[in-house]
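Data first, discussion second: the structure below is written as structure tokens.
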Amino acid sequence: MDIDIITCLGPNCKKYAEYLKYTAETFKSGKHKLHWKCMESTGSDGIPDGYTYLGWAPSAGHNSLNHGTAVNESLKYIEHDYAMIVDADIAIVHKNWDDIFVQELNQNDCFGVEDGHIRKYRDYPSIYLFGFRSYILDKCQLDFRPEIDPARGESPVRKKLGNEAKYFNMNPGESLKCDTGWKLPLIIRKAGFEKYKAMPVVMMKSKQSQLPFVDTAHKKLCMQKAVHMYEWHYNGKVFATHKQACRVHPLDGIWGQAWKKRIDLYIKRNYNG
């Protein structure tokens, strides 16, 4: 099968996107053809090697709006039946992940990862790694843009949910953070696509976290950013991990390197004997 893999580029994303591609290519099954594509957004530091350049999305005036707008623009360039929207600062470390991806999308309309420490919604794939069958685009106009509260700058609006709560797997009266990608379950499920699967998030402080630390000093450093560097597991193994905040933490900086050391050690322990 052919898989379109699209990432959107902002500040510091070039090296992260290259590392994403490196990890994904390392652990692919080889059964499927991966089409790496990128959409440039405001503040981008360059085009990553090995990607097809889709163009530049104009500034929308806010960082999160810029990202959502760029993702919306990138949808025009989906050419194949299987598609993935993925953040640049993610690494994929599950052996044969692409075959898992195809198999899950043969059973589901959407497949991906839960949101991180601040959940937009529950048990539904999020923008961090959002896979879908392209046929949903025939009935849905996807919109990844957040809803921004003008009185609070870049802060997303928080909506108190009513009858629409069911689409988010939440209860009426609960408050939903309308961050980037928040409309996905509402748009897609309203259109009648009810088959989906989201891999559970595992935070760094969790006992279930599997990415190791080099030593005590490395762990102490990473724990200063305890809500970063989280993981998503598939059948008990790490499928992917997210650095988060790459806009202010370059891959070759202290926090980017701290994250990468954990991944390199995980790969060495699990795949290199």
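The values are calculated or read from the model by the stated rules, or taken from the named source; none is laboratory data. Bear in mind that the values here come from a model prediction, so they are computed numbers and not experimental data. Quick reminder, even Gly has a Cβ in these numbers, built from the backbone with ideal geometry, and neighbours come from all protein chains shown.
Structure data summary
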{"item": "Subset of the range 89-100 [touching a His at 6+ places or on another chain (Cβ under 8 Å) and either farther than 14 Å from L34 by Cα or surrounded by 23 or more Cβ atoms within 10 Å (Cβ to Cβ) (or both)]", "result": "D89, I90, D98"}
{"item": "Test: D87 is charged (D, E, K, R), touching a residue at least 12 places away in the same chain (Cβ under 8 Å) and within 21 Å of A191 (Cα to Cα)", "result": "no"}
{"item": "Residues satisfying the stated conditions in the range 150-167, i.e. more than 12 Å from Y121 (Cβ to Cβ) and surrounded by 12 or more Cβ atoms within 10 Å (Cβ to Cβ)", "result": "E154, S155, P156, V157, R158"}
{"item": "Within the range 1-100, strands (runs of 3 or more DSSP E) holding 2 or more residues that are farther than 30 Å from N270 by Cβ and either among the hydrophobic types (A, V, I, L, M, F, W, C) or out of contact with any helix residue (DSSP H, G or I) (no Cβ under 7 Å at 6 or more places or on another chain) (or both)", "result": "33-40, 52-56"}
{"item": "The lone exception for I267 - which of (1) part of a loop (DSSP other than H, G, I, E, B); (2) surrounded by 12 or more Cβ atoms within 10 Å (Cβ to Cβ) it fails", "result": "(1)"}
{"item": "Selection from the range 213-235 of residues that are in contact (Cβ under 8 Å) with a residue 60 or more places away in the chain and not in a strand (DSSP E or B)", "result": "V227"}
{"item": "Residue in the range 176-187 that is in contact (Cβ under 8 Å) with a residue 60 or more places away in the chain, under 22 Å from P125 (Cα atoms), in a helix (DSSP H, G or I) and of a type outside the set (F, W, Y) present", "result": "yes"}
{"item": "V248 being in a strand (DSSP E or B) and more than 14 Å from the chain's Cα centre (by Cα)", "result": "no"}
{"item": "Restricting the range 237-248 to residues that are modelled with pLDDT of 95 or more and not basic (K, R), the residue that is surrounded by the fewest Cβ atoms within 10 Å (Cβ to Cβ)", "result": "F239"}
{"item": "Residue tally, condition surrounded by fewer than 21 Cβ atoms within 10 Å (Cβ to Cβ), in contact with a Lys or Arg (Cβ under 8 Å, 6 or more places away or on another chain) and at pLDDT 95 or above, over the range 5-18", "result": "0"}
{"item": "The one condition in (1) under 21 Å from I136 (Cα atoms); (2) over 17 Å from the mean Cα position of the chain (by Cα) that S44 fails to fulfil", "result": "(1)"}
{"item": "Residue within the range 51-65 that is touching a residue at least 40 places away in the same chain (Cβ under 8 Å) and closer than 17 Å to F130 by Cα present", "result": "yes"}
{"item": "Hey, R145 at pLDDT below 95, within 18 Å of the chain's Cα centre (by Cα) and either farther than 22 Å from T241 by Cβ or surrounded by fewer than 17 Cβ atoms within 10 Å (Cβ to Cβ) (or both) or not", "result": "yes"}
{"item": "Meets criteria (modelled with pLDDT under 95 and over 30 Å from Y135 (Cβ atoms)) for A217", "result": "no"}
{"item": "The range 102-151 - residue that is of a type in the set (S, T, Y) and assigned to a loop (DSSP other than H, G, I, E, B) and, of those, nearest to H32 (Cα to Cα)", "result": "Y128"}
{"item": "Single residue of K37, K31, K76 found to be in contact (Cβ under 8 Å) with a residue 60 or more places away in the chain, charged (D, E, K, R) and out of contact with any Lys or Arg (no Cβ under 8 Å at 6 or more places or on another chain)", "result": "K31"}
{"item": "Number of the exception - M170 against (1) exposed (fewer than 13 other Cβ atoms within 10 Å of the Cβ); (2) at pLDDT below 95; (3) assigned to a loop (DSSP other than H, G, I, E, B)", "result": "(1)"}
